[in-house]
Amino acid sequence: MFKPDLTRADVTPEGVWMNRRKLISALGAGSIAGGLGLPALAQDEELTPHTWEQITGYNNFYEFGTGKGDPAENAGAMETQPWSVKVDGLVDNPGDYQLADLIGDIPTEERIYRFRCVEAWSMVIPWNGFELNKLLAKVGVQEGAKYVAFETAVLPDVMPGVNYPILDWPYREGLRLDEAMHPLTIMATGLYDKPIPNQNGAPMRLVVPWKYGFKSIKSIVRISLVEEEPHATWNQSNPREYGFYSNVNPEVDHPRWSQASERVIGSGLFGKRIDTLMFNGYADQVASLYEGMDLRENF
Ligand code: MTE
């Protein structure tokens, strides 16, 4: 069962700055032994509480522009109701679904995850969402499916970026089926108990907390169960710099910068730096997925 290791105190402005010792005493030894433990917090570092303003004002969503403030400025024009999602490939129930029909009966819960961008910054974010495996169970994954492929909407009238060849639109991402089925992998539809803002990927976006943020594809309009490793936008655009797996790995540097540490957004002008943890701190939960793989080769 999922047990969160980060709490609202790590994200809300009113939350006290916690250090490891305080957190351990707050959680109690039992829950540490039985649950996720403290992977993302297992450093004698204070955590910076993140605010709504940081999470919704400092974004990557190139369809709306390449500046960190562009998505907040431009994404408001995107209409997310109604929203249709195509489900196809190796599934029992393919179709063009209204989002409410596809996910309306799946209960959502809060998941507080550290979000680590490949650009070596991070935030702690309180998502509302549900495990992707619940959606996959509904559509019925057929034998032979080995990967899940995702696509973002392309809306030239409201997305200024898609009128330029910044990336090969639509933005696409993919997960191996076992990664997609993992209970840490969620579809987020909310943030701080509010509907997810457009700049964060309304009405539904992927969140895979042990991978670099670019795996977290936004404003999803298509989900396909496929046999072959799918197209992943950053991997395709620059395979030397961005691998298909995109697991957070402090030992494998990006060719142009180190991945050993990360800047905590919102912690002063230059940002406090903390050490980056293997699999973003979720190694106990996910390392087994990659047993026997060379993670330098499959980066
Ligand atoms: N999804 C789409 N469709 N387009 C994008 O440009 N950027 C990715 C990812 N998902 C992106 C996207 C990158 S690089 C990151 S770091 C995260 O979204 C940022 O998510 P956030 O803005 O909610 O922090």
Q.
Can you give the local net charge around His182? Use residues other than it whose beta-carbon is closer than 10 angstrom to its beta-carbon, Lys and Arg +1, Asp and Glu -1.
A. -2
Q) Which lysines have a Cα lying under 23 Å from the Cα of Lys68, excluding residues fewer than 8 positions away in the same chain? A) Lys194, Lys211, Lys215, Lys218, Lys272
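As an exercise, identify the trypsin sites (Lys or Arg not before Pro) in the range 193-299 lying in DSSP coil whose Cβ has no more than 10 other Cβ atoms within 10 Å.
Passing sites in the range 193-299 are Arg240, Arg256, Arg296.
Please compute the contact order of the range 88-241 in relative form: average sequence separation of alpha-carbon pairs under 8 Å and at least six residues apart, divided by the residue count, as a percent.
Numbers: 298 pairs, mean separation 45.3, N = 154.
With pairs under 8 Å counted, the relative contact order is 29 percent.
Suppose every Lys and Arg Cβ carries +1 and every Asp and Glu Cβ carries -1, with no other charges. What dipole size does the chain come out with about its Cα centre, to the nearest 20 debye?
Here the size comes out at about 680 debye.
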**Q.** Loop chymotrypsin sites (Phe, Trp or Tyr not before Pro), the range 139-206 (other Cβ atoms within 10 Å of the site Cβ: 13 or fewer; DSSP)
**A.** none
Q) Can you list the residues of the range 274-291 with backbone N under 15 Å from a point 7 Å past the Cα of Asn298, pointing along Cα to Cβ? A) 279, 286-291
Q: Treat the count of other C-beta atoms within 10 Å as a stand-in for reagent exposure and order Glu291, Glu109, Glu179, Glu63 from fewest to most.
A: Glu291, Glu109, Glu179, Glu63
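Suppose a student asked you for the relative contact order of the chain, using Cα pairs under 8 Å spaced at least 6 residues apart; what percent would you report? Intermediate values should be presented prior to the final figure.
Working: 618 pairs, mean separation 56.9, N = 299.
Reported as a whole number, the value is 19 percent.
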Q) Does a label point 7 Å from the Cα of Trp257, set along Cα-to-beta-carbon, have any residues of the range 192-221 with amide nitrogen under 14 Å, and which are they? A) 213-214
Q. Considering only the other residues whose Cβ falls under 9 Å of the Cβ of Pro230, what net charge follows from Lys and Arg at +1 and Asp and Glu at -1?
A. -2
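How far, in nm, would the chain grow between Thr51 and Val154 when pulled straight, counting 0.36 nm per residue and subtracting the alpha carbon separation?
My answer for the length gained is 34.2 nm.
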Q | Local net charge near Glu131, Cβ-Cβ under 10 Å (Lys/Arg +1, Asp/Glu -1) | A | +1
Q | Shape category assigned to the chain from the gyration tensor of Cα positions, a/c cut at 1.5 | A | rounded
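Give the residue list of chymotrypsin sites (Phe, Trp or Tyr not before Pro) in the range 200-291 that are DSSP loop and have at most 15 other beta-carbon atoms within 10 angstrom. Each step should come with its number before you reach the end.
On the way: sites: Trp210, Tyr212, Phe214, Trp234, Tyr242, Phe244, Tyr245, Trp257, Phe270, Phe279, Tyr282, Tyr290; in loops: Trp210, Tyr212, Tyr242, Phe244, Tyr245, Phe270, Tyr282.
In loop regions of the range 200-291 (DSSP not H, G, I, E or B), the sparsely surrounded chymotrypsin sites (Phe, Trp or Tyr not before Pro) are Phe270.
The numbers here are math on the coordinates, done by the rules we state, and not lab data. This structure is a prediction, so every number in the text was calculated from the model and none was measured. Don't worry about glycine lacking a Cβ; one is built from the backbone with ideal geometry, like all the others, and counts go over all protein chains shown.
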